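What follows is a set of notes on a single structure, which appears directly below.
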Amino acid sequence: MTDIGIIGSGISGIQLALRLQQLGIAATVYSARDIEGLKSGRPRNFPARFAPTQERERLLGVSAWDFPDAQVHHWAVTVHTAGPVLAFPARLTPPSSVVDFRLYLPHLVGEFVDRGGALVVGEPAVEDVARRHDLTVVANGSHSMRELFPAAPERSPHTTPQRVLCSGLYFGIDEAVPHSLDIHFLPGVGEILRLPFYSPAGRADVLAFEAVPGGPLEAVSHMDAEADPGAFHREVLDRVAAYAPSLRERIDTSDFSLIAPGEVAQGGITPVVRRGWARLGDGRCALAIGDAWITNDPLTAQGANLGSHTAFALAELISTARGPFDEGFCRSASARLWEHARHVVEWSNAFLAEPEPHVAALFGQAAEDRRIADAFVSAFRDPVAMWRTLSSAEGVASFVSDCRKGRPAAALSGTE
């Protein structure tokens, strides 16, 4: 009987374990923290899970947040240019789900254990795990795992952070439209985002700065929010007022606060693709997915969605394998997974640069035609089709034409 060892209890690791469990394949999850530990600590990310990921959760029987306070139904996009500001509202169909991983991961891990899955708490050496299982999958992006899977330079154009981040969970921010996200694109400066988020304290808002290094938004990423909360909040409000004044108007300073001390995530993320497999000392091999394999900047909100897609794709490869889980399998599986992942990586990296003229033109057309705006925002659920559209002027022209003719746009094909 096939037996799989999975190191890491993030979305990639636990969805892989749950899917293998459904397929009748034994899996053991090795988690650095137990279920109670997964509920605690600072926020590490603020994921938005699009429709295909939610559909996979329904297939797994772990969907638990299908209510408005945990959803985003609308986007308000503002592009600050040297000329007139471009702004457009759009409806996201289907809505995304926005749930704190301190709620999400314990729920999924708990379901896995309740269904008879094996959870081992600790951080064993990869070699020890490999000796116990037919295949070891590493889904944990810790520093030790990064050493095992070195960066692939041909797939990693960046060697330093392209954005310096400061994201917090707040009370005291109103929405112009219920269940909506605001995103302000500030060329050369970065981005400011606000989105509703279902947190351990209930409905709250994420306020996030993605600062171009050395730019005027970066300072807040280096401030200690706990040492001097007043100074931190003043800096946050000053930056929002200067660069997203329409958002600042909706913040009530008398109620504005973090939902609890420490509810801030700060730091730089270097986008990187690592080698997808590694040969261990005894000749066995380990396969990398999730954070052990790919780190994307969060701007396009693809991290959790790519992790979920990869988990299901790998479960299928494991369940249909006809030979040993050796180096040949790991090489082949990693190559197959990259066929999808490369589109996500290329799109995410492109969004960190100044927009190409055809992309800037698409923003302008979206501001003039609600059909284009709705289609563009809803296409975030399908990164393969989205990159096919945005990677060329011809792709954008075809997308716009389909929208104006009332045909389903290419990027809305639901191919993810």
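Every number here is computed from the coordinates shown, using simple stated rules; none is lab data. Note that the structure is predicted; figures quoted are calculated from it, not measured. A quick note on method: Cβ atoms are made from the backbone with ideal geometry, for glycine too, and the neighbour counts reach across all protein chains shown.
The amide H of GLN162, built 1.01 Å from its N in the peptide plane, has ILE269 as neighbours under 5 Å, considering only residues 5 or more places off or on other chains.
For ALA32 and GLU354, the difference between the fully extended length at 0.36 nm per residue and the C-alpha to C-alpha distance is 112.0 nm. Label-to-label distance, ASP3 versus ALA125, with points set 7 angstrom from Cα along the beta-carbon direction: 2.0 nm. Taking amide H atoms as placed 1.01 Å from N in the peptide plane, the amide H of THR93 lies under 5 Å from those of SER378, each 5 or more residues away in sequence or on another chain. Using the Karplus relation 6.51 cos²θ - 1.76 cosθ + 1.60 with θ = phi - 60°, the per-residue 3J(HN,Hα) values for region 298-308 come to x, 4, 8, 6, 10, x, 5, 5, 5, x, 5 Hz, with x marking Gly and Pro. Along region 198-214 the Karplus relation, 6.51 cos²θ - 1.76 cosθ + 1.60 evaluated at θ = phi - 60°, assigns HN-Hα couplings of 8, 10, x, 9, x, 5, 9, 10, 8, 10, 10, 10, 10, 9, 4, x, x Hz to successive residues, with x for each Gly and Pro.
Measuring r between the beta carbons of HIS158 and ALA260 and using R0 = 45 Å, the FRET efficiency lands at 0.85.
Of ALA17, ALA51, ALA227, the residue with the greatest mean-square motion in the GNM of the chain, using alpha carbon springs below 10 Å, is ALA227.
When the helices in the chain are scored as -39500 (n - 2.57) per DSSP H run of 4 or longer and the sum is shared across all residues, what 222 nm value do you end up with, to the nearest 500 deg cm²/dmol? Before the final figure, lay out the partial values.
Values: 14 runs with 155 residues, N = 416.
Here the helix-only value at 222 nm equals -11500 deg cm²/dmol.
For region 357-412, the relative contact order comes to 37 percent (Cα pairs under 8 Å, sequence separation of at least 6).
What percent do you get for the relative contact order of the chain when only Cα pairs under 8 Å and 6+ apart count?
Working: 815 pairs, mean separation 84.6, N = 416.
Relative contact order here is 20 percent.
For the chain, DSSP calls about 65 percent of its internal beta bridges antiparallel. Working ranking of peptides 172-178, 240-246 by packing, defined as the average number of other Cβ atoms within 10 Å per residue, highest first, is 240-246, 172-178.
For a quick check, take a GNM of the chain with Cα springs below 10 Å and name the residue from ALA311, ALA125, ALA286 with the largest mean-square fluctuation. Looking only at ALA311, ALA125, ALA286, the largest GNM fluctuation is found for ALA125.
State whether region 357-412 is rounded, prolate or oblate according to the following rule on the C-alpha gyration tensor (a ≥ b ≥ c being the square roots of its eigenvalues): a/c under 1.5 gives rounded; otherwise a/b larger than b/c gives prolate, and the remaining case gives oblate. Please list the in-between numbers first.
Values: a/c = 1.35, a/b = 1.07, b/c = 1.26.
Rounded, because the longest to shortest axis ratio a/c is under 1.5.
One chain, two ends: GLU316 and SER142. Fully extended at 0.36 nm per residue, the span grows by 60.1 nm beyond their Cα-Cα distance.
Please state the charge dipole magnitude for the chain, taken about the Cα centre, from unit charges on C-beta atoms (+1 on K and R, -1 on D and E), reported in debye and rounded to the nearest 20. Can you show the working numbers first?
Numbers: 37 positive and 49 negative charges, 200 e Å.
Computed charge dipole of the chain: roughly 960 debye.
Kirkwood hydrodynamic radius, region 164-267, all distinct C-alpha pairs: what's the number in Å? Don't skip to the answer; put the middle values down first.
On the way: mean 1/r = 0.0735 Å⁻¹.
About 13.6 Å, per the Kirkwood formula over Cα pairs.
Each residue of region 97-108 was assigned a 3J(HN,Hα) from its phi angle through the Karplus expression (A = 6.51, B = -1.76, C = 1.60, θ = phi - 60°), giving 10, 10, 10, 4, 5, 6, 9, 5, 5, x, 5, 5 Hz with x at Gly and Pro. Out of GLY117, GLY307, GLY190, any idea which swings most in a Gaussian network model of the chain, alpha carbons joined below 10 Å? It is GLY117.
Computed on the Cα trace of the chain, the radius of gyration divided by the Kirkwood hydrodynamic radius gives Rg/Rh = 0.96.
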